[in-house]
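Contents: one structure, followed by commentary.
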Amino acid sequence: MTIPSTKELLQTMQEAAENLSKNDRRDFLRKGVSYLAGAAAVGSAGAASGASFSTNLPPNEPIWGRQLGSGVVANPYGEPSHFEEHVVRRTVPWLTAESISSISMSPIQNLQGIITPNGLVFERYHAGVPSINPDEHRLMIHGLVDNPLIFTMEDLMRFPSVSEIKFIECPANGGMEWRGPQMEALQFTHGMLSCCEWTGVPLKVLLEEAGIQPEGKWILAEGADGAHMSRSIPIEKILDDTLVVYAQNGEMLRPEQGYPLRLLNPGWEGNTSIKWLRRIEVGDMPWHHREETSKYTDLMADGRARRFTFVQECNSVITSPCPENPIKKPGFIEIEGLAWTGRGKIKGVDVSFDGGVNWQPAQLKGLVLDKALTRFSFQTKWSGQPWLLQSRAYDETGYVQPTLAQLREQRGVNSIYHKNSIHTWQVQPTGEVKNVQVT
Ligand SMILES: Nc1nc2c(c(=O)[nH]1)N[C@H]1C(S)=C(S)[C@@H](COP(=O)(O)O)O[C@H]1N2
Ligand SMILES: [Mo]
């Protein structure tokens, strides 16, 4: 193939411009396609090698540079390139009975940096996503307060706002693997995890407006969805960093994330971050509702259950390589992963290539924020040798991510929640990656 002449290029552009001026997008697309087909035919005639030949490769001028693209507001709310349409939330069908009380996992194997885009934040609902009219939504604060209050969304948005980058994780993350490895994908072993910039008002500020009475030691937060999901939260957490948020990553909350209002308890079990927040009651003790008795407790080996295990302990996982991101060729490789802790900041991450016998420090890259995802990196070479790849994070409180053996020793294998043990990927000589457990 030869590079098209300037005359040919001008002709193509003029043709495209004529199509555009007809203001008929479908017609434009159809013409675009037939032009492409024509170009491909020329290409295959001129190419000796056939199938993999693309007329878009150098030294040719690619097709997209020889015609005009679509204009502004072809798509008023933008979306990713259709070449990225495999990057989506996914469910594990056998995990839950119905989609209205289910969970979808974020494709963390495909994400970069530490922010989860809004369309890819994991979702967990107990009774589906309600469609709430913000004009008719109210937040009520009552109980042991001097002045019970009812806020409109407009009232709430008049308060000085704060924006903070925080992770949110369902404590069931990894919970399918207490007894052995069974999920052959990072999205399913660790995808109940997201990190956004959340905007709203500290709950402390709203409670100061209402005036907490001295006996007020706990609050109950309740959602407006069909589940009326509720959790008891100790007042110390509220005074520390609990937020009432209405926006995520710069835009109003997605319906899936609690539009128009949710609670955010940074670093704590995702289920305490009540979505579609409608009611805060102040009391002198916890309420012992369904989601803190029958559910979201940790069954120990001796049959007793731990309750109110709020904090998401320090955890980490290697996101590349992983089952979805095999190693493609020998040579230089950047091993990357995510670390997080509900206790504050990540202090460091170590990487092991031999299943935890030897450890080397990884680098933390980019922002290292309180209760936010933190990305780590380790640059090395791979020459086809098998690896038992692990990451071990530790946080600023000195807490070190446990081994699976240590966790099982403390907790048995009856639990669902809070499985934050060191994870192992087995890298095979082909570069493929398997989910295994090392004890
Ligand atoms: N009102 C209400 N709030 C809720 C839930 C719910 O079903 N209803 N699910 C909880 C659970 S179990 C989790 S893990 C988080 C998930 O938040 P996300 O869907 O924004 O990721 O929301 C919590 N808040
Ligand atoms: Mo959850």
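The values are calculated or read from the model by the stated rules, or taken from the named source; none is laboratory data. What you are looking at is a predicted structure, and each value in this text was computed from that prediction instead of being measured. We place every Cβ from the backbone using ideal geometry, glycine too, and count neighbours over all the protein chains shown. To get the accessible areas, we keep the full protein, side chains included, count just its heavy atoms, and leave off ligands, DNA and RNA. Shrake-Rupley method; radii C 1.70, N 1.55, O 1.52, S 1.80 Å.
Residues of region 173-189 include at least one that is away from ligand 1 (no atom under 15 Å from the Cβ), assigned to a loop (DSSP other than H, G, I, E, B), among the charged types (D, E, K, R) and farther than 18 Å from Gln257 by Cα.
Given Arg66, Arg89, which one is away from ligand 1 (no atom under 16 Å from the Cβ), crowded, with 16+ Cβ neighbours inside 10 Å and charged (D, E, K, R)? Unique residue meeting the criteria: Arg66.
With a requirement of 2 or more residues that are surrounded by 20 or more Cβ atoms within 10 Å (Cβ to Cβ), within 16 Å of ligand 2 (Cβ to nearest atom) and modelled with pLDDT of 95 or more, the strands (runs of 3 or more DSSP E) lying completely within region 221-278 that satisfy it span 230-234, 262-264. Looking at the structure I just gave you, is Glu313 open to solvent by less than 30 Å² (accessible area, probe 1.4 Å), within 16 Å of ligand 1 (Cβ to nearest atom), touching a Ser or Thr at 6+ places or on another chain (Cβ under 8 Å) and touching a residue at least 12 places away in the same chain (Cβ under 8 Å)? For Glu313, the condition - open to solvent by less than 30 Å² (accessible area, probe 1.4 Å), within 16 Å of ligand 1 (Cβ to nearest atom), touching a Ser or Thr at 6+ places or on another chain (Cβ under 8 Å) and touching a residue at least 12 places away in the same chain (Cβ under 8 Å) - is not met. Entry remark, region 196-220: residues being in contact (Cβ under 8 Å) with a residue 60 or more places away in the chain, among the basic types (Lys, Arg) and not in a loop (DSSP other than H, G, I, E, B) number 0 in total.
For region 319-421, the strands (runs of 3 or more DSSP E) that sit wholly inside it and include 1 or more residues that are under 20 Å from the mean Cα position of the chain (by Cα) and in contact (Cβ under 8 Å) with a residue 40 or more places away in the chain are 331-340, 346-352, 374-382, 387-395.
For the residues Glu164, Glu84, the requirement of being outside the structural domain of Val205 (by TED's automatic domain parsing) and of a type in the set (D, E, K, R) singles out Glu84.
Ala362 meets each of the listed conditions (1) open to solvent by less than 50 Å² (accessible area, probe 1.4 Å); (2) over 23 Å from Val436 (Cβ atoms) apart from (2). On inspection, Ile141 qualifies as in a strand (DSSP E or B), more than 14 Å from ligand 1 (Cβ to nearest atom), touching a residue at least 60 places away in the same chain (Cβ under 8 Å) and outside the structural domain of Ser320 (by TED's automatic domain parsing).
A quick yes/no check of all residues on (1) buried (at least 20 other Cβ atoms within 10 Å of the Cβ); (2) within 16 Å of ligand 2 (Cβ to nearest atom):
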{"position": "Ala127", "(1), (2)": "no, yes"}
{"position": "Asn133", "(1), (2)": "no, no"}
{"position": "Arg138", "(1), (2)": "no, no"}
{"position": "His142", "(1), (2)": "no, no"}
{"position": "Asp146", "(1), (2)": "no, no"}
{"position": "Leu149", "(1), (2)": "no, no"}
{"position": "Met153", "(1), (2)": "no, no"}
{"position": "Ser161", "(1), (2)": "no, no"}
{"position": "Pro171", "(1), (2)": "yes, yes"}
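Specify which of the listed residues (Ser101, Ser106) is at pLDDT below 95, open to solvent by less than 60 Å² (accessible area, probe 1.4 Å) and polar (S, T, N, Q). So the residue among Ser101, Ser106 that is at pLDDT below 95, open to solvent by less than 60 Å² (accessible area, probe 1.4 Å) and polar (S, T, N, Q) is Ser101. When Ser421, Ser383 are screened for being within 21 Å of Ala172 (Cβ to Cβ) and at pLDDT 95 or above, only Ser421 passes.
Would you call Gly191 away from ligand 2 (no atom under 16 Å from the Cβ), closer than 22 Å to Gln248 by Cα and surrounded by 18 or more Cβ atoms within 10 Å (Cβ to Cβ)? Considered against the rule, which asks whether it is away from ligand 2 (no atom under 16 Å from the Cβ), closer than 22 Å to Gln248 by Cα and surrounded by 18 or more Cβ atoms within 10 Å (Cβ to Cβ), Gly191 comes out as no.
Among the criteria (1) more than 16 Å from ligand 1 (Cβ to nearest atom); (2) hydrophobic (A, V, I, L, M, F, W, C); (3) touching a Lys or Arg at 6+ places or on another chain (Cβ under 7 Å), the one Ala339 does not fulfil is (3). Of the set (1) open to solvent by 40 Å² or more (accessible area, probe 1.4 Å); (2) more than 26 Å from Lys419 (Cα to Cα); (3) within 16 Å of ligand 2 (Cβ to nearest atom), all apply to Lys295 but (2). Residue check: Ile168 meets all listed conditions (1) touching a Gly at 6+ places or on another chain (Cβ under 9 Å); (2) more than 16 Å from ligand 1 (Cβ to nearest atom) but one, namely (2). When the residues of region 298-307 are filtered to those that are touching a helix residue (DSSP H, G or I) at 6+ places or on another chain (Cβ under 8 Å) and touching a residue at least 24 places away in the same chain (Cβ under 8 Å), the one that is most open to solvent (accessible area, probe 1.4 Å) is Ala301.
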